[in-house]
Amino acid sequence: MRIHFILVAAAVACLNIGSAMAGDADQTATLNPNEIICKTQPPVTGTRLGNRRECMTRAQWDRRREETQQAVGHMQTMGKMGKVPGN
């Protein structure tokens, strides 16, 4: 569970940077959803391995962003209710 939380936190951090650079939401609607986009991901905390490069289509990146936002929203909701996921 701890690794899942770390991965979600890292993904949110990366997505915040990406969304700040992406610009207007109207602009993304006109972009090609099949365009391949490669991003350099930071190494997992606690590893000595370097950065890794991940390539997906724009639609796949968008889906990952939405799933991450839903996961973070769920964790925040559970925290407000006093429940800890996984326990």
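Things worth noting here:
- For segment 28-55, a tally of residues being in contact (Cβ under 8 Å) with a residue 12 or more places away in the chain and either out of contact with any Cys (no Cβ under 8 Å at 6 or more places or on another chain) or charged (D, E, K, R) (or both) returns 13.
- Residue list for segment 40-57, filter: hydrophobic (A, V, I, L, M, F, W, C) and modelled with pLDDT of 95 or more: 55, 56
- Tally of residues being surrounded by 12 or more Cβ atoms within 10 Å (Cβ to Cβ) and under 18 Å from residue 35 (Cβ atoms) across segment 57-71: 9
Rundown of residues vs (1) of a type in the set (A, V, I, L, M, F, W, C); (2) at pLDDT 95 or above; (3) not in a helix (DSSP H, G or I), yes/no style:
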residue	(1), (2), (3)
15	yes, no, no
27	no, no, no
38	yes, yes, yes
59	yes, yes, no
73	no, no, no
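The values are calculated or read from the model by the stated rules, or taken from the named source; none is laboratory data. Source: prediction; values computed, not measured. Neighbour counts run over all protein chains shown; Cβ positions are idealised from the backbone, glycine included.
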